[in-house]
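S.K.: Can you read through this structure? Questions will come right after.
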Amino acid sequence: MNPTIQDVMPAEVHEARRKDAPMKDPIATNDLTGDLSSLKIVRTPETASKSRRTYLWIAVAVVVLAAGAAVFLASRGTLGAKTVETALVLSVQPGQEAPLFVATGTVTAATTDTLAPRTPGRLLKRLVDEGDKVAAGQPVAELDTTDLKLALNQARADLASAEARIGTARASEKSAEVRAARAQRLFQANAGTESAAIDAGLDLESAHAQLRAATADLGQSQARLETAQRNLADGTLRAPFHAVVVRVLAQPGDFVSTAPGQGVMQLADLSSLEVDAEVAEANLHRVTLHMPVEVRLDALPNQGLVGHVFSIRPSVDVAKATAIVKVRLDPEPTVANASLYPGMNGRVTFVAHEPDAEGLGKAPTLEVPAAAVAHEGAESQVLTVDKDGRVKAVKVVTAGGDGDRVVLKEGPPAGTTIVTHPDGIKSGDRIQQKSN
């Protein structure tokens, strides 16, 4: 016989059921409130203050350790490094004088022109392009002259009409003179009336006035004809001087205005080039007329140009605190062989003595202190220094010197840092540069 649930239940369960009493849940009878409250952490002000101090000291220790590590790592590269004197490889221009001061400059042309017609019109043909050289009087562009030809024909017709009116007025004047003389004779001979003589005299005066008016009209017609002829001739634009076309402003088919700054093309005489130097106000008192200068343009860094001050503009730019000092370039020997154009920029070096024009035309040379060159047999070298203080041996080829300095025919570029006294230092060493 299989046991039932009632058979396996504990005796107290049977007893509880017999008494219809609810059975107690063992879990529910546990008082968890007291247990949980016992786990709460109560922080007193004293405990919180100690915790904050602990965290602060930990943070300070971390910062100190990090700083010490950084100093240690930074010092590892230079620990034990020798402190030596260094110098720069210099680019020296032959013939260059020690400057008094330097200013920026812009190349300008003294003789320029914006070619435009006397009267507005449409451009028919352009005969030259930018960069072309033109001679004085050379045709460079043609306008559509249809309207100008019509105006010329109208002026000729007006002139013919004025000339005809002149003939009519002269005939009328002659006739009036005859009538007035006859009326006067008849009046004096008592064969005519006084009123008839007066009327004839008035007619003569009117004829004189008509002739004067016709003569004035003839003069105006002749002037209009001359204007029309000149406008037609100006339909072909010609260069006013020997020049170079520096800019084209209009293309065939464009309507060309006579407003300022507009036209067909811009011309410049490149044989009249000058340099406008913007000299700081503080240096103006040092500038004198005929003062020598050296001009070096950005487009021609290896080409030194010699010039002289010929004008000081008597006004100062308030915003820039500079004044324009005009420099005329010497035509020989450098300017004649240089490709100069208006608008080029560069620097103008004001010097006390005349620079060597021939030397300025030569390429710059590299120079280093003579003590920086180490000789090993037939070879020479210098020790260059990189940004980390590491030394590297670089072979050089010398080309003479003056005792204190040596000219390099081959070597590191200008601006390279080198060791001035390389004794006891070899390639690969780390050095510290001696502060000046």
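Each reported figure results from applying straightforward, stated rules to the coordinates on display, with no laboratory input. Fair warning: this is a prediction, and the values are worked out from it, not measured in the lab. Please note: Cβ atoms are built from the backbone with ideal geometry, for glycine as well, and neighbour counts cover all protein chains shown.
S.K.: Could you state the number of Å between the C-alpha centres of the stretch 115-135 and the stretch 274-321?
M.R.: Taking the Cα centre of each part, the stretch 274-321 and the stretch 115-135 sit 34 Å apart.
S.K.: What is the gain in length, in nm to one decimal, between ARG247 and LEU202 on full extension, counting 0.36 nm per residue of separation less the C-alpha to C-alpha distance?
M.R.: Values: separation 45, 0.36 × 45 = 16.20 nm, distance 6.64 nm.
So the extension gain works out to 9.6 nm.
S.K.: Still on this structure: Considering amide H positions built from the backbone, and no H for Pro or chain starts, which residues 5 or more places from ALA299, or on another chain, come under 5 Å of its amide H?
M.R.: Placed amide hydrogens put ASN345 under 5 Å from ALA299.
S.K.: Using amide H atoms built in the peptide plane, which far-off residues or other-chain residues are under 5 Å from THR420 H to H?
M.R.: So THR420 has HN proximity to GLU85, THR86, ALA87.
S.K.: To continue, here is another question. I'd like the FRET efficiency for THR104 and GLU130, computed as 1/(1 + (r/R0)^6) with the beta carbon distance as r and R0 of 35 Å, rounded to 0.05.
M.R.: Working: r = 27 Å, r/R0 = 0.76.
After rounding to 0.05, the efficiency reads 0.85.
S.K.: Roughly what would the spin-label model give for LYS409 and HIS375, points 7 Å off Cα along C-beta, in nm?
M.R.: 1.5
S.K.: Sticking with this structure for a sec: If the viscosity is 1.306 mPa s and the temperature 10 °C, what translational diffusion coefficient in µm²/s does Stokes-Einstein give for the stretch 375-436 when Rh comes from Kirkwood over Cα pairs?
M.R.: On the way: Rh = 12.5 Å.
Taking Rh from Cα pairs, D becomes 127 µm²/s.
S.K.: Run the quick spin-label model on LEU88 and HIS421: label points 7 Å from Cα toward the beta carbon, then report their separation in nm to one decimal.
M.R.: Label-label distance for LEU88 and HIS421, simple model: 2.3 nm.
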